[in-house]
Amino acid sequence: MGVVGIFHTGLTVSDLERSIAFYRDVLGLELVNRWDSAQPYLRRIVGYPDAELRIALLRLPSQPGGVWGHHIELLEYRAPRGARGDANTYHPGNVHVSFVVDELDATYRSLRASGVRFKSEPVAIDHGRNQGAKAVYAFDPDDITLEFVQPAPAR
């Protein structure tokens, strides 16, 4: 018994179509599937007896399918309808998703030209386990924090 893998990271979004467009067209993820659900099993899982969700599953094109590839699951709650909270990363319960890139400066310029908002320019990591890497925080359309990391060169 125990955890043997990570299937997906779920992100609650306010507009599924806008978020699909961002993750697919701006970040380059592949749309694997999309569906609407108000199934009794899903309502039990999420803990809302009246839940109605629109859902999309995306992955990096290079990732394997099935249970073993890590996916981004986008969830738009049609019911109950939520309100955006404070997305500052210092609040307990907030999350970020980190993407590995091969050339952070080029990725930053490209994403910025596409209208993606960032907290800073790329930062060189000069201490600790990731010394020699670069990273930057950005925001998706719902202000979910995304991190882009260029790993340190092999030593």
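Which order do the peptides 137-147, 34-44 take when ranked by the mean count of other beta-carbon atoms within 10 Å per residue, highest first?
By packing density, highest mean first, the sequence is 137-147, 34-44.
What is the packing order of peptides 72-79, 85-92, taking the mean over residues of other C-beta atoms within 10 Å and listing the highest first? It would help to have the intermediate numbers written out before the result.
On the way: 72-79: 18.5, 85-92: 9.1.
Highest to lowest by the protection proxy: 72-79, 85-92.
Taking only Cα atoms of the range 3-81, what ratio of Rg to Rh do you get with Rh as the Kirkwood inverse-distance radius?
Working: Rg = 13.0 Å, Rh = 13.1 Å.
Rg/Rh: 0.99.
I need the per residue convex hull volume for the range 62-155, using only the alpha carbons, in cubic angstrom as a whole number.
Working: hull volume 15.7 nm³, N = 94.
Measuring per residue, one finds 167 Å³ for the Cα hull of the range 62-155.
Given a 1.4 angstrom probe, what's the average accessible area per residue across the chain, in square angstrom?
Here the residues of the chain average 62 Å² of exposed surface.
For the chain, what is the mean residue ellipticity at 222 nm derived from helices alone (per DSSP H run of n ≥ 4: -39500 (n - 2.57); sum divided by total residues; nearest 500 deg cm²/dmol)? Mind dumping the intermediate values first?
Values: 3 runs with 23 residues, N = 155.
Calculated mean residue ellipticity at 222 nm is -4000 deg cm²/dmol.
To check you understand DSSP bridge types, tell me what percent of the beta bridges within the chain (both residues inside) are antiparallel, rounded to 5.
In the chain, approximately 70 percent of DSSP beta bridges are antiparallel ones.
What's the ranking of 11-20, 112-121 by average number of surrounding C-beta atoms within 10 Å, highest first? If you can, show how the numbers build up before the last one.
Working: 11-20: 17.4, 112-121: 12.2.
Result, highest mean first: 11-20, 112-121.
Between the helical axis of 104-113 and the dominant principal axis of the chain, each derived from Cα atoms, what acute angle in degrees is found, rounded to the nearest 10?
Once rounded, the angle reads 60 degrees.
Checking a compactness column here: for the range 100-149, what do you get for Rg(Cα) / (2.2 N^0.38 Å), N being the number of residues? Each step should come with its number before you reach the end.
Values: Rg = 11.0 Å, N = 50, 2.2 N^0.38 = 9.7 Å.
Relative to the 2.2 N^0.38 Å estimate, the range 100-149 comes out at 1.13.
The values are calculated or read from the model by the stated rules, or taken from the named source; none is laboratory data. Please read these numbers as outputs of a predicted model, since none were measured by experiment. Note that we place each Cβ from the backbone using ideal geometry, even for glycine, and neighbour counts take in every protein chain shown. Please note that ligands, DNA and RNA were not included when accessible areas were found on the heavy atoms of the full protein model with its side chains. Shrake-Rupley method; radii C 1.70, N 1.55, O 1.52, S 1.80 Å.
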